[in-house]
1. Taking 0.36 nm per residue of separation and subtracting the Cα-Cα distance, what length does fully extending C33 through E11 add?
2. Out of residues 5 or more away from Q52 or on other chains, whose amide H comes under 5 Å of its own, with H placed 1.01 Å from N in the peptide plane?
3. Apply the a/c threshold of 1.5 to the C-alpha gyration tensor of segment 24-64 and tell me whether it is rounded, prolate or oblate.
Amino acid sequence: MASTLSKPFTEHPASVGESYFEHFKVAMGFSKCLAGAAGAAFVHALVPSLCQKTASGKICELHEKMTTGARAANAPTAVPATSGSVSSVSSVSAA
């Protein structure tokens with residue numbers, strides 16, 4: 001029964017080659033970066049001349065971290081980039 005209870009906490013981290021605490025640290029880093037990107041997007045919404053590419057730059061940075069190196073090698077399947085997703089990120093930088 002203990003393994004059934006721990007499965008939601010260990011199955012996904014194991015699928016990317018991390019322990020629960022390693023995954024927690026990485027995910028919290030992503031969360032912090034996304035919160036900063038959200039703040040920059042908010043500032044940009046108020047004053048369009050500020051933070052023009054900050055949010056999209058952070059999103060691209062996170063995508064790079066997630067899809068290269070050890071995390072990409074351990075991922076079960078990679079999500080292919082499509083022109084739609086690229087234009088979505090591009091539109092964020094232009095917004």
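Each reported figure results from applying straightforward, stated rules to the coordinates on display, with no laboratory input. The structure displayed is predicted, hence computed values, not measured ones.
1. Values: separation 22, 0.36 × 22 = 7.92 nm, distance 2.44 nm.
Difference between extended and current length: 5.5 nm.
2. Here nothing satisfies the definition.
3. Working: a/c = 4.97, a/b = 2.02, b/c = 2.46.
Judged from the Cα gyration tensor, segment 24-64 comes out oblate (a/c at least 1.5, b/c at or above a/b).
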